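The values are calculated or read from the model by the stated rules, or taken from the named source; none is laboratory data. Quick caveat: nothing in here was measured; it's all calculated off a predicted structure. Backbone-built Cβ (ideal geometry, glycine too); neighbour counts: all protein chains shown. For the accessible areas, the whole protein counts, side chains as well, though only heavy atoms, and no ligand, DNA or RNA atoms are used. Shrake-Rupley method; radii C 1.70, N 1.55, O 1.52, S 1.80 Å.
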Amino acid sequence: MSNPASKPDHQGPATRIIHNRRHQDTFGSPYSPIYNTTTYRFENTAALLDMIEGRSEGYLYTRWGTNPSIQELEQGLAGLEQAEAALAFASGMAAISATLFTHGRNGIVCVGDLYGGTQAFLVEQCQALGIQVTFLFREELNHLAEHLDQPGKLVYFETPANPNMAMLDIRAIAETAHKHGALVAVDNTFASPINQKPLALGADLVLHSASKYLGGHSDITAGALMTSEALAKPVASWRKNLGQLIAPETAALLSRSLRTLPVRIRQHNENAMSVAQAMEAHPKVTKVHYPGLPSFEGHELACKQMSGFGGMLSIEVEGGQEAAAQVADSLKIFLLATSLGGVESLVSQPSATSHHGLSRDERLRRGIGDGMLRLSVGLEDATDLIDDLTQALS
Ligand SMILES: *Cc1c(COP(=O)(O)O)cnc(C)c1O
């Protein structure tokens with residue numbers, strides 16, 4: 001399949017991201033300095049005009065996206081998704097909002113469950129601006145074509161989705177969407193680019209909250225869009241005028257995080273698989289939602305479109321909401337906190353956090369059981385994590 005957004009590379013992702021740099025440092029440092037600057041001086045007016053009028057490349061003002069630290073980060077981000085281009089943002093929501101404003105103006109069709117912030121943006125801001133937004137349940141996917149009656153729409157989804165890891169077939173959705181002249185955007189935050197490459201499966205735009213696995217240490221708020229040069233260009237203009245740029249210092253921190261992304265993800269995958277298997281064998285756990293388990297509904301699809309199953313899973317404990325809260329409160333290593341993708345393990349109860357606003361019926365309709373706990377499995381020793389869950393469950 002020829003997808004202009006997807007650009008395969010001959011080196012592996014770990015090699016590429018460790019050796020990602022735009023310039024050779026004068027002092028021989030293997031890594032670039034941080035360009036903490038808002039502006040750049042020119043030799044003379046003619047040189048400034050050459051840059052502004054497009055006759056020469058150069059740097060004018062950091063908010064425009066012209067900053068060596070940011071551009072080096074973007075080169076690395078593009079490589080991770082094997083994309084032609086990448087744009088870095090101040091947050092995941094900045095990346096998502098700029099992308100939806102740019103490419104969703106003819107209507108957005110969402111499939112399955114979405115991150116709460118994205119859902120709020122679609123309902124509050126997009127609809128206030130007159131953008132038509134349609135929400136389809138995952139089970140209504142066979143009606144997708146009916147909602148793509150006019151060309152130029154945007155199909156938007158997440159897979160695996162929060163909090164029950166529900167899977168959507170990227171290749172199949174992209175085929176339907178493209179047949180009807182629509183673009184496809186996938187939020188790939190949960191999987192990370194190491195485990196899943198939506199562009200290679202036919203998607204046009206890939207989004208990340210870099211505050212999660214890309215940053216990986218729960219200390220950076222950032223976002224990213226990976227796509228083709230042609231689709232990135234108009235988004236860069238929205239980013240510039242909405243002022244959503246990542247700070248150069250944060251960009252350099254994120255570049256540092258990315259160098260360990262492949263190895264971190266490998267360990268997240270391994271730890272989550274161990275935890276999932278232990279939970280599946282536990283008598284007080286009624287269900288485990290993890291793409292890597294053969295008992296999981298989406299396992300076959302996960303094997304087809306993911307190369308690793310990720311660090312996120314959810315379990316359902318006997319006794320419903322109160323019992324689940326008690327387990328969450330009894331954990332000693334897992335921290336009771338929202339967010340995900342850091343080196344430390346986190347636990348959250350969807351009915352008390354991300355899906356608190358929904359009625360019980362609505363939660364059940366979305367496959368969120370009363371006793372569900374979502375786990376972001378970190379990089380501690382897996383045996384300690386399993387011991388912690390076991391003591392909390394008893
Ligand atoms: C956290 C998250 C976002 C939003 O990212 P921020 O960096 O918090 O703005 C978007 N999508 C998913 C799936 C997320 O988990």
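Here is how the numbers come out for the structure above:
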| quantity | calculated |
| --- | --- |
| Those residues of region 55-92 which are within 16 Å of the ligand (Cβ to nearest atom) and crowded, with 22+ Cβ neighbours inside 10 Å, in sequence order | Leu73, Leu77, Glu81, Ala86, Leu87, Ala88, Phe89, Gly92 |
| Residue in region 292-304 that is in contact (Cβ under 8 Å) with a residue 12 or more places away in the chain and among the hydroxyl-bearing types (Ser, Thr, Tyr) present | yes |
| Residue that is more than 16 Å from the ligand (Cβ to nearest atom) and either closer than 27 Å to Ser351 by Cα or open to solvent by 30 Å² or more (accessible area, probe 1.4 Å) (or both), where the choices are Gly117, Gly130, Gly112 | Gly130 |
| Region 371-389 - residue that is part of a helix (DSSP H, G or I) and open to solvent by 60 Å² or more (accessible area, probe 1.4 Å) and, of those, nearest to Gly320 (Cα to Cα) | Asp387 |
| So Ala86, is it in a helix (DSSP H, G or I) and outside the structural domain of Ser354 (by TED's automatic domain parsing) | no |
| Meets criteria (closer than 20 Å to Leu77 by Cα and either assigned to a loop (DSSP other than H, G, I, E, B) or in contact with a Gly (Cβ under 8 Å, 6 or more places away or on another chain) (or both)) for Phe157 | no |
| Residue in region 168-175 that is under 29 Å from Glu316 (Cα atoms), within 16 Å of the ligand (Cβ to nearest atom) and open to solvent by less than 40 Å² (accessible area, probe 1.4 Å) present | yes |
| Lone qualifier among Ala88, Ala83 - being in contact with a Ser or Thr (Cβ under 7 Å, 6 or more places away or on another chain), among the aliphatic types (A, V, I, L, M) and either within 27 Å of Arg259 (Cβ to Cβ) or in contact (Cβ under 8 Å) with a residue 60 or more places away in the chain (or both) | Ala83 |
| Search result, residues across region 112-134 that are out of contact with any helix residue (DSSP H, G or I) (no Cβ under 7 Å at 6 or more places or on another chain), under 18 Å from Ile368 (Cα atoms) and not in a helix (DSSP H, G or I) | Asp113, Leu114, Tyr115 |
| Residues (in a helix (DSSP H, G or I) and open to solvent by 10 Å² or more (accessible area, probe 1.4 Å)) located in region 263-281 | Val263, Arg264, Arg266, Gln267, Asn269, Glu270, Met273, Ser274, Gln277, Ala278, Glu280 |
| Qualifying positions in region 226-256 - under 16 Å from Gly215 (Cβ atoms) and either open to solvent by 10 Å² or more (accessible area, probe 1.4 Å) or in the same structural domain as Val343 (by TED's automatic domain parsing) (or both) | Ala247, Pro248, Glu249, Thr250, Ala252, Leu253, Ser255, Arg256 |
| Meets criteria (under 19 Å from the mean Cα position of the chain (by Cα) and at pLDDT below 95) for Pro350 | yes |
| Within region 15-49, considering residues that are aliphatic (A, V, I, L, M) and closer than 20 Å to Ser257 by Cα, the one surrounded by the fewest Cβ atoms within 10 Å (Cβ to Cβ) | Ile18 |
| Neighbours by Cβ (under 6 Å, 6+ apart or cross-chain): first from region 326-347, touching a residue at least 40 places away in the same chain (Cβ under 8 Å) and outside any loop (DSSP other than H, G, I, E, B); second open to solvent by less than 10 Å² (accessible area, probe 1.4 Å) and within 16 Å of the ligand (Cβ to nearest atom) | Ala328/Val347 |
| Single unsatisfied condition, Ile52 versus (1) open to solvent by 60 Å² or more (accessible area, probe 1.4 Å); (2) within 16 Å of the ligand (Cβ to nearest atom); (3) of a type in the set (A, V, I, L, M) | (2) |
| Close pairs (9 angstrom Cβ cut-off, 6 or more residues apart or separate chains): without any contact (Cβ under 8 Å) to a residue 24 or more places away in the chain in region 150-179, in a helix (DSSP H, G or I) anywhere | Ala172/Leu141 |
